[in-house]
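What follows is calculated from the coordinates using simple rules that are stated; it is not laboratory data. From a predicted model like this one, the values you see are computed outputs, not experimental measurements. In this analysis, Cβ positions are derived from the backbone assuming ideal geometry, glycine residues included, and neighbour counts consider all displayed protein chains.
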Amino acid sequence: MSECDVKFEPDNVHVQIPKGTTLLDAAKAGAVSLLAPCGGQGICGRCRCQIIEGETGRTEVQREKLSDEDLAKGWRLGCIATVESDLVVHLPADVRGTVAAILEDSSLDDIELGPGAEIRKHYLELAEPSLEDQRDDLSRVLDALAAEDVQLDTVDFPAVLPGLSEALRADEFRVTAVHREGVLMGVEPGNTVNECYGVAVDLGTTTVVAYLAHLPTSTQLAVTSEVNPQVAYGDDVVSRITHINESGRGVRTLSEAARECVRELVARLAKMAGIDPRHVYGVRLVGNSTMSHIFVGADPRNIPQAPYIPGVHRSVIAPARELGMSDVARGARFCTLPNIAGWVGSDTVGVILSTGMHRLEGARVAIDIGTNGEIVVGDENRLVACSTAAGPAFEGAQIKHGMRGASGAIDHVFLENDDLRITTIGDQASRGICGTGLIDAVACLLDAGLILETGRMLPEAEAGHLPDALQARIVTLDDAPAAILATAEESALDGPVVLTQRDVRQLQLAKGAIATGVRIAMNECGVEVADVQEILLAGAFGSYVNPGRAADIGLFPRELVDRARAVGNAAGAGAYLALVSADHGAQASLIGDRAEYLELAGRLDFDMVFADEMLFPGSE
């Protein structure tokens, strides 16, 4: 089969691939980020790229998503179009995997950390061997530790033995022993007690955030983040599991992508802090159940199928070297927090741990909104967790002009002087609308009376009572009303950025799912609205959304607006706490066992509550 040269701009990357390969696979081969939210199924139409030079195939099957005008201008769907000649392909910014607003904040103020990290170092001055003292090198180290009341019953032989004898003799038998929970992980020459670091990782479906900690003092030294490279295989976990089903090495491909990302983040953190990565001894990771399964190489394919059984619930502990982390200490340990259920992962355990809701009096409701919304209701006595299939609307998918929270996304909408005003991320010309802007826009149009409680958007013929400026924003698309959010002059697109009737319906489905989960979980716990001490809004969405507007569309009860609190990257904060505090690591294990999973699909009241929560709240 003949090969073609494909050049991707603006990256200026060339890749040689066989004729007939899809543009998406060509991009993967060249390590070029080309987003495919549906995992390359050809159903979302979001992987649009422009052919500058050359010929592609399978044009006719793209007409459902691309107009004749689009096709004439060279636009193609990357997951469908095939390479038929040498090509020059331009990838616009909104398909290149960039996310401007990755949440890195993980405040740990006022949290008692406990007795210290599980990973410890001990400095030892050993008696040198002699004819009278012919103990082997390893026994010499273990005996010296026992004399200091450090009893170790296991040795990581592949990590310890290769350099043991040399380490003892490099500094006249002055060494530092590294251990974790009864396991000797390493022996180093000299006194390196202060050179002891760990990394906490929040492996999100879209983004990965990593934190570097100095373990002896629990001090956070650096934080960095990256787009999860798995987005090339789909925006959500279901798309990625579809890829696994269709590929003979799907788990390995996705696992290697995530592991390489974490390896690069660890190296970046070490460079930022000016430390030797060989002194990183622990990596703690949280993520939803599918993400953590894929990272450790477990099969996640049963998770999306009833009865939704994960391969593993407990924490996974393994030598970091076995997971591709070759730059850290040879004996470094990798550890996940436990999952709660197939659809509620270790990231939710991290949220519970860092917010302290498992040990506080009074009921709290934690909401972490993404494609799946994880909800926890509880207090020191009981924790009930559930997951709702909110869909990708909050992340901009399946919305006509939806996009992630990147530069140019409408992030907030205001109703001022009987007209709409928008702000965009980076103060750039609008390229679309992200989840927070979507909520604001619908809330504003509800206030104005352009959208009714049922979600119906008024057509122009029924909007004569509205102010002229708002009437001017009503247009008709696909025989249904739509509202202009950013005019063609304010937009970086070929035309205006609009909110369609279908977009409103997608938001209703998403917010209805979250609100249903909150209501049913509260009912299960016997918690009334008046009993709730706080609504804890976790993650990037929770940090950037306007709580008042979220309540206005019915995401949670309006009475709780004043009790809503953004808790930042609470999942990452939980991973960090478990990394630097043995006490919190133990608490995480208890949370994983204690939290009750509530399967909403089996509830007789689900359909009734969901139908009710689909409606928008009435005006006060």
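Using the structure shown, list the pairs from K28/K65; K65/K511; K7/K73 with a Cα-Cα distance above 25 Å, or answer none. It would help to have the intermediate numbers written out before the result.
Numbers: K28/K65 22 Å; K65/K511 27 Å; K7/K73 18 Å.
Correct reply: K65/K511.
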(message) I'd like the Karplus ³J(HN,Hα) series for region 275-292: coefficients 6.51, -1.76, 1.60, θ = phi - 60°, whole numbers in Hz, and an x wherever there's a Gly or Pro.
(response) 10, 7, x, 6, 9, 8, 10, x, 10, 10, 10, 10, x, 5, 4, 5, 4, 5
(message) I'd like the distance between the alpha-carbon centres of region 537-587 and region 360-424, rounded to an integer number of Å.
(response) 11
(message) If I fit a long axis through the Cα atoms of helix 570-580 and take the longest principal axis of the Cα atoms of the chain, what angle between them do I get, 0 to 90°, rounded to 10?
(response) 0
(request) Using only Cα atoms, tell me the angle between helix 501-525 and the longest principal axis of the chain; keep it within 0 to 90° and round to the nearest 10. (result) 50
(request) For helix 137-147, report the angle its Cα long axis makes with the longest principal axis of the Cα atoms of the chain; keep it between 0 and 90° and round to the nearest 10°. (result) 80
(message) I'd like the Karplus ³J(HN,Hα) series for region 547-564: coefficients 6.51, -1.76, 1.60, θ = phi - 60°, whole numbers in Hz, and an x wherever there's a Gly or Pro.
(response) x, x, 5, 4, 5, 4, 8, x, 5, 8, x, 4, 4, 9, 4, 6, 9, 7
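May I ask what percent, to the nearest 5, of DSSP beta bridges between residues of region 197-336 are antiparallel? Could the numbers behind the result be given before it?
Values: 18 of 29 bridges.
Of those bridges, close to 60 percent are antiparallel.
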(request) Only Lys, Arg, Asp and Glu count, each charged at its Cβ (+1, +1, -1, -1), so figure out the dipole size of the chain about its Cα centre, rounded to 20 debye. (result) 1080
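What ranking of L87, L577 emerges when the number of other C-beta atoms within 10 Å of each C-beta is taken as an exposure proxy, fewest first? Present the calculation step by step, with values, prior to reporting the outcome.
On the way: L87 24, L577 28.
Going from sparsest to densest Cβ surroundings: L87, L577.
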(message) Using a 10 Å cut-off around each Cβ, can you sort C47, C525 from fewest to most neighbouring Cβ atoms?
(response) C525, C47
(message) Can you say what percent of the DSSP beta bridges in region 3-95, counting only those with both residues inside, are antiparallel? Round to 5.
(response) 80
(request) Could you give the size of the charge dipole of region 197-336 about its Cα centre, using +1 on the Cβ of each K and R and -1 on the Cβ of each D and E, expressed in debye and rounded to the nearest 20? (result) 420
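Based on the Cα coordinates of region 398-502, what is the per residue volume of their convex hull in Å³? Before the final figure, lay out the partial values.
Numbers: hull volume 9.9 nm³, N = 105.
Hull volume normalised by residue count: 95 Å³.
In debye to the nearest 20, how big a dipole does region 114-190 give about its Cα centre with +1 on each Lys and Arg Cβ and -1 on each Asp and Glu Cβ?
Values: 7 positive and 17 negative charges, 47 e Å.
Approximately 220 debye in magnitude.
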(message) Give me, ordered by chain and number, the residues 5 or more places off A222 or on other chains with an amide H under 5 Å from its own placed amide H.
(response) L212
(request) Go through V6, H358, A530 and say which Cα lies farthest out towards the positive end of the charge dipole of the chain; charges sit on Cβ, +1 for Lys and Arg, -1 for Asp and Glu. (result) V6
(message) Counting only Cα atoms, I'd like the Rg/Rh figure for region 300-357, Kirkwood definition for Rh.
(response) 1.09
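Test of the criteria: in region 289-396, which GluC sites (Glu not before Pro) are in a DSSP loop and have at most 11 other Cβ atoms within 10 angstrom of their Cβ?
Values: sites: E322, E361, E374, E380, E395; in loops: E361, E380.
For GluC sites (Glu not before Pro) across region 289-396 that sit outside H, G, I, E and B with at most 11 neighbouring Cβ atoms in 10 Å, the list reads E361.
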(request) Would you mind telling me the antiparallel percentage of the DSSP bridges in region 119-189, rounded to 5? (result) 85
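May I ask you to sort R263, R278 by Cβ crowding, counting other Cβ atoms within 10 Å and putting the fewest first? Working shown, then result.
Details: R263 19, R278 16.
Final ranking by Cβ density, sparse to dense: R278, R263.
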(message) Along the charge dipole of region 197-336, pointing to its positive end and built from +1/-1 on Cβ of Lys, Arg, Asp and Glu, which listed residue (P310, G324, Y233) has its Cα farthest out?
(response) G324
(message) Give me log10 I(q)/I(0) at q = 0.26 Å⁻¹ for region 20-76, Debye formula, one equal scatterer per alpha-carbon, no solvent.
(response) -1.29
(request) Apply the Karplus parameterisation 6.51 cos²θ - 1.76 cosθ + 1.60, with θ equal to phi minus 60°, to every residue of region 387-398 and state each ³J(HN,Hα) to the nearest whole Hz, in sequence, with x for glycine and proline. (result) 10, 10, 7, 5, x, x, 4, 5, 9, x, 7, 6
(message) Run the helix sum for the chain: -39,500 (n - 2.57) per DSSP H stretch of 4+ residues, divided by residue count, reported at 222 nm to the nearest 500 deg cm²/dmol.
(response) -8500 deg cm²/dmol
(message) Going by amide H atoms built from the backbone, whose H comes under 5 Å of the H on I433, apart from near neighbours?
(response) G402, M403, I410
(request) State the label only: which of (i) 1.14; (ii) 1.35; (iii) 1.06 corresponds to Cα Rg over 2.2 N^0.38 Å computed from the shown model? (result) (iii)
